[in-house]
Amino acid sequence: MIVILTNSKKMKEDLRKLFLRDLDKLEKEINAYHHKPAIWHTDGTISNSAGNLCKHLTGNLRHFLGHILGSSDYVRDREAEFSTPHLSKVDLNLEIGLAKEAINLTFDQLDSTKIQKIYPIEVFGHKMTVQYFLFHLLSHLNYHLGQVNYHRRLLDKS
């Protein structure tokens, strides 16, 4: 039997770096659109625009990390993430910046014992550790980040 002991403090900082790295990638994807209207374009079975996915990701992180774990005063409007009028790249980048700020503030407060505790709310109908949910949030971010990349390459045409 192999037992791997993890350093919770190191893991916490690694997770912070990964969240910030991938939000940087989201920002680069949004800024890589040549035609602003394409950010909000949907087509056929592509029902979510890159702009809506950006709003969804930032709202998700600001809520589950910033508000629930970090006790920020952010109030999520999940429906608006998918129905918000077309924002500019500047506004989307502002949303990404606010998500980065929420991550930094939350991870600054997150000590190595809290990461092993039960997440304060049951998101999936069962209890889970903060660590487990952080990995879920990171994989959720990456899933939609890939969709944004593919959306840009498919629909941002000259």
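The values are calculated or read from the model by the stated rules, or taken from the named source; none is laboratory data. Nothing here was measured: the structure is a model prediction, and the numbers come from that model. Note that each Cβ is placed from the backbone with ideal geometry, even for glycine, and that neighbours are counted across all protein chains shown. For accessibility, only protein heavy atoms count, side chains too; no ligands or nucleic acids. Shrake-Rupley method; radii C 1.70, N 1.55, O 1.52, S 1.80 Å.
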With the 8 Å Cα cutoff and a minimum separation of six or more residues, the chain has a relative contact order in percent of 34
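Ranked from the most accessible area to the least, with a 1.4 Å probe and all protein chains present, what is the order of E27, E122, E79?
Most to least solvent-accessible, the answer reads E79, E122, E27.
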Using a basic spin-label model with each label point 7 Å from the Cα along Cα→Cβ, how many nm lie between H140 and H126? 1.7
Counting only residues 5 or more apart in sequence or on a different chain, those whose built amide H sits under 5 Å from that of T129 are Y119
Heavy atoms only, 1.4 Å probe, whole protein assembly: order D14, D43 by accessible area, highest first. D43, D14
Pairwise Lys count, the chain - Cα closer than 13 Å, eight or more residues apart or different chains: 11
Hey, what number do you get for the chain at 222 nm if only DSSP H runs of n ≥ 4 count, each worth -39500 (n - 2.57), divided across all residues, to the nearest 500? -19000 deg cm²/dmol
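Report the local net charge at D111: Lys and Arg +1, Asp and Glu -1, summed over other residues whose C-beta lies under 9 Å from its C-beta.
+3
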Students sometimes get this wrong: rank I118, I68 by accessible area, probe 1.4 Å, all chains present, largest first. I118, I68
At 0.36 nm per residue, and after removing the present C-alpha to C-alpha distance, how many nm does the segment from L20 to S83 gain when stretched out fully? 20.1 nm
Taking a virtual spin label 7 Å from the Cα of N93 along the C-beta vector, which residues in the stretch 8-33 bring their backbone nitrogen under 14 Å of it? 24-33
Using a 1.4 Å probe and ignoring any ligands, DNA or RNA, find the accessible area of L53 and quote it in Å² to the nearest 10. 0
Determine which residues of the stretch 122-136 fall in the zone a paramagnetic label at S8 would reach in this model, i.e. backbone nitrogen under 19 Å from the point 7 Å along Cα→Cβ. 127-136
The distance between the Cα centres of the stretch 74-146 and the stretch 25-53, in whole Å, is 20
Unit charges at the beta carbon, dipole of the stretch 43-136: most positive-side option, A80, S112, G51: S112
Please turn the phi angles of the stretch 78-92 into ³J(HN,Hα) values with the Karplus equation 6.51 cos²θ - 1.76 cosθ + 1.60 (θ = phi - 60°), one per residue in order, whole Hz, x for glycine and proline. 4, 4, 5, 4, 10, 10, 4, x, 4, 8, 6, 4, 4, 5, 5
